[in-house]
Amino acid sequence: MARTRKHKKQDRPFFDDLSPHTKQAIGAVLFAVLGTFFILSSLGYAGPAGNLTHRALNYLFGYGFVLAPVICLLYVYVLMRPRDDERVSLAKIIGVALLFFSSLGLFSLAGEQAGGIAGMALEAPLTFLLGGITTGIILAAFALIAIFLTFDIGLGSPFAFLKREDATEEDDDDIAALESELSQVVDDASDSEAEEPEEEVTPRKKLGERMGLRKSGDFMVTSFVGSYAPPPLSLLKKDRGKAQVGDVKANANIIKRTLKNFGIDVEMDEVSIGPTVTRYALKPAEGVRISKIVGLQNNLELALAASPVRIEAPIPGKSLVGIEVPNITKATVGLAPLLTSPDYTDSPKPLLVALGRDITGRAHFANVAKMPHVLIAGTTGSGKSATIHALVVSLLFRNSPEQLRFIMIDPKRVELTLYNDIPHLLTPVITEAKKAILSLKWAIKEMERRYDILQADKVRDIGSYHENIYNPAKAKFEKNGSPEEDKDALPEPLPHIVIVMDELADLMQAYPRELEASIVRLAQMSRAVGIHLILATQRPSVNVITGLIKANVPSRIALQVASQVDSRTILDQVGAEKLLGAGDMLFLSGELAKPQRLQSAFISEEELKDVVNYLKDQSEAQVLDAIDLDADNKHGGDAFFGAMVDDEDGDDLYEDARIAVIEAGKASTSYIQRKLRVGYSRAARLMDLLEERGVIGPADGSKPREIIDQGSSDGMSNDDDE
């Protein structure tokens with residue numbers, strides 16, 4: 001074995017270990033030195049060797065010897081010009097040589113000795129066969145073709161260059177130009193709430209063509225309840241930094257050699273460079289078991305001096321195995337470029353969110369309406385909060401408060417509380433576990449109420465409701481110019497509701513049964529009525545992410561976790577423990593057979609505050625009425641924020657019981673029995689109603705119940721200003 005390895009090492013060419021870029025740099029330096037030598041020799045500053053070289057060039061090329069340094073500089077240009085591929089184009093090399101020899105022929109045609117021996121050898125036969133004029137035309141044509149090959153240009157390139165300068169000036173303002181386009185998304189989304197893309201009947205044009213986009217960027221999205229202008233994209237930052245991957249060719253050789261040492265023959269295939277990792281794709285020889293390659297993960301980490309290395313076997317849709325190696329320097333994915341992508345701006349889906357970029361650098365998006373709920377798990381520093389912010393901000397850029405509302409639950413009190421006072425919130429950010437349970441119960445009641453509306457109107461989901469019921473009635477109202485007081489006669493708009501819960505583990509410790517039951521109920525039934533869950537936790541244990549929750553939340557985002565056990569809990573497979581943190585994630589949905597590795601977009605606290613402050617300023621001028629969940633329901637079951645229970649579920653003594661517990665500052669079944677002189681069953685029922693309607697908190701063992709609502713007989717408490 002030792003002799004065999006030694007023999008192979010001796011037979012390996014010296015340049016095999018060099019990357020194409022290194023070889024090209026060496027060649028460029030040599031040509032630059034040679035060109036400089038030719039110039040100095042013509043001036044008499046290169047010594048005897050230079051003088052001899054000058055006489056030889058003058059004899060061979062005549063006056064064309066002045067082109068020798070120019071040709072050398074052209075080869076330097078060809079070798080050093082930045083390209084997407086790694087190899088030097090053969091067409092450019094041929095182009096430089098063709099330019100040189102066609103020029104010698106033209107020199108020789110102008111004078112007998114002007115092109116030297118080489119020029120005469122090329123020009124004389126052509127002149128004898130075709131004549132001087134035809135020969136000149138042919139040689140000039142070849143010189144022009146050589147210029148096209150060398151510089152990769154065409155006849156219109158000078159004019160294209162001028163246009164490219166104008167385009168560059170316009171590109172500097174690309175974000176500002178697309179702000180007005182994004183504002184059209186909101187209005188378009190309100191007119192087409194359908195979740196499924198296959199439900200669309202007519203093809204959709206680009207936003208600017210479809211909505212008559214104004215170039216001034218001052219277009220305000222007009223909705224039925226007022227006007228809403230999405231935040232400007234100038235508030236968000238672009239991608240920052242550039243990924244450095246090291247020597248790609250050397251790494252590929254190391255991978256191939258390491259596997260060869262263990263008896264595994266592979267052929268290296270494509271290399272994909274992403275913002276966080278670089279994937280080296282390889283094709284195993286026939287008869288090689290994939291498990292053998294996966295088992296060599298630690299050996300590859302040792303050989304590449306990189307950790308952690310993740311092996312994807314096979315790559316979905318390809319007969320290749322992927323070796324994912326961390327980049328030396330990561331690139332930060334900004335949210336602004338994702339929100340200016342045509343996949344985002346041209347999409348009719350109102351709940352489209354930006355996930356990040358994959359290993360090839362391509363932007364990826366997901367439709368929350370099709371998820372329809374998502375679980376996010378990751379340790380501290382894994383980028384969990386930044387991922388949540390990217391999802392929320394993506395929704396804020398597409399939807400007005402009329403189209404989308406949020407319920408945000410943040411027991412940690414530091415992440416989601418930044419969103420307080422934006423017009424999209426149903427209630428101030430909830431930080432108490434008891435109120436979080438009440439908010440989920442309110443969502444269940446709202447879900448049931450919406451199903452009653454869909455049943456009465458004989459439609460299948462919220463998209464069909466808006467398309468067939470609400471939008472036609474709204475269009476008719478606006479067309480006829482009906483008076484403002486007739487607005488209440490219109491069908492009720494049903495905006496999407498997204499419930500964001502930042503730390504599931506804290507709530508699960510306080511109220512495990514109530515929380516699990518509420519989440520499962522919503523996850524099972526709420527998709528059709530436009531209610532969606534975004535659940536996040538730092539600790540993806542089976543006590544937090546139970547089997548029932550996993551079964552009803554099909555979409556998962558796994559950031560870096562501590563162990564394989566945690567990875568299996570969130571993804572049902574290993575892999576998340578090999579992630580790099582800082583937004584490096586595996587995304588799994590019902591449409592994907594295997595998790596997809598993405599780099600989440602990063603939004604800084606400064607960017608987030610700018611967006612929130614802009615929305616707060618918008619809310620001050622909003623025509624949309626302020627939302628007060630403590631207020632009495634003035635419109636009965638048809639109001640958007642109706643009571644948590646229907647009137648027929650009430651009790652004649654409910655109002656007396658509510659006043660009694662508020663005045664006493666305490667609530668118990670025995671107290672209501674004594675105060676209202678009723679039996680135990682009715683008193684217990686009144687206690688249940690008080691809890692469901694947010695007047696009192698849930699039972700907490702032997703402790704007295706907390707009085708939450710100090711002055712409302714309906715709805716969920718919203719008194720967070722104490």
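State yes or no: is Val266 closer than 23 Å to Thr360 by Cα, modelled with pLDDT under 90 and crowded, with 16+ Cβ neighbours inside 10 Å?
yes
Here the range 342-378 is the region considered, the condition is being β-branched (Val, Ile, Thr) and at pLDDT 90 or above, and the residue that is surrounded by the most Cβ atoms within 10 Å (Cβ to Cβ) is Ile376. Residue by residue through the range 538-562, note down the ones that are among the charged types (D, E, K, R) and modelled with pLDDT of 90 or more. Selection gives Arg556 alone. Look through Leu162, Leu129 and report the one residue that is at pLDDT 50 or above, farther than 30 Å from Gly463 by Cα and over 23 Å from the mean Cα position of the chain (by Cα). Being at pLDDT 50 or above, farther than 30 Å from Gly463 by Cα and over 23 Å from the mean Cα position of the chain (by Cα) holds for just one of Leu162, Leu129, which is Leu129.
Do we find that Thr387 is under 30 Å from Ser563 (Cβ atoms), of a type in the set (S, T, N, Q) and in the same structural domain as Gly530 (by TED's automatic domain parsing) in this structure?
Considered against the rule, which asks whether it is under 30 Å from Ser563 (Cβ atoms), of a type in the set (S, T, N, Q) and in the same structural domain as Gly530 (by TED's automatic domain parsing), Thr387 comes out as yes.
Can you tell me which residue in the range 570-600 is nearest to Asn327 (Cα to Cα), limited to those that are polar (S, T, N, Q) and surrounded by fewer than 23 Cβ atoms within 10 Å (Cβ to Cβ)? Only one residue tops the list, namely Gln596.
Restricted to the range 612-722, the set of helices (runs of 4 or more DSSP H) holding at least 1 residues that are at pLDDT 55 or above and under 42 Å from the mean Cα position of the chain (by Cα) comprises 680-692.
Per-residue answers, yes or no, for (1) in a helix (DSSP H, G or I); (2) at pLDDT below 90:
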{"position": "Leu438", "(1), (2)": "yes, yes"}
{"position": "Ile444", "(1), (2)": "yes, no"}
{"position": "Gly463", "(1), (2)": "yes, yes"}
{"position": "Asn471", "(1), (2)": "yes, yes"}
{"position": "Phe477", "(1), (2)": "yes, yes"}
{"position": "Asp488", "(1), (2)": "yes, yes"}
{"position": "Val500", "(1), (2)": "no, no"}
{"position": "Asp506", "(1), (2)": "yes, yes"}
{"position": "Ala536", "(1), (2)": "no, no"}
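Would you check which residues across the range 563-584 are among the polar types (S, T, N, Q), assigned to a helix (DSSP H, G or I) and over 15 Å from Ala505 (Cα atoms) and list them?
Gln564, Ser567, listed by residue number.
When restricted to residues that are in a helix (DSSP H, G or I) and touching a residue at least 24 places away in the same chain (Cβ under 8 Å), the range 538-562 contains 4. All conditions in (1) buried (at least 23 other Cβ atoms within 10 Å of the Cβ); (2) within 16 Å of the chain's Cα centre (by Cα); (3) farther than 29 Å from Lys550 by Cα hold for Ala331, with the sole exception of (1). Residues in the range 282-322 that are among the polar types (S, T, N, Q) and either buried (at least 17 other Cβ atoms within 10 Å of the Cβ) or more than 23 Å from Gly246 (Cα to Cα) (or both): 2 in all. Just one of the numbered conditions (1) surrounded by fewer than 23 Cβ atoms within 10 Å (Cβ to Cβ); (2) assigned to a helix (DSSP H, G or I); (3) of a type outside the set (A, V, I, L, M, F, W, C) is not true of Ser394: (1).
Scanning the range 307-346 for residues that are of a type in the set (Ser, Thr, Tyr) and in contact with a helix residue (DSSP H, G or I) (Cβ under 8 Å, 6 or more places away or on another chain) yields Ser307, Thr340, Tyr344, Thr345. For the range 35-55, filtering for residues that are under 17 Å from Phe100 (Cα atoms) and either outside the structural domain of Gly119 (by TED's automatic domain parsing) or surrounded by fewer than 16 Cβ atoms within 10 Å (Cβ to Cβ) (or both) leaves 0.
The values are calculated or read from the model by the stated rules, or taken from the named source; none is laboratory data. Predicted model, so just to flag it, every value in this text is computed and none were measured. No Cβ is skipped: glycine too gets one built from the backbone with ideal geometry, and neighbour counts run over all protein chains shown.
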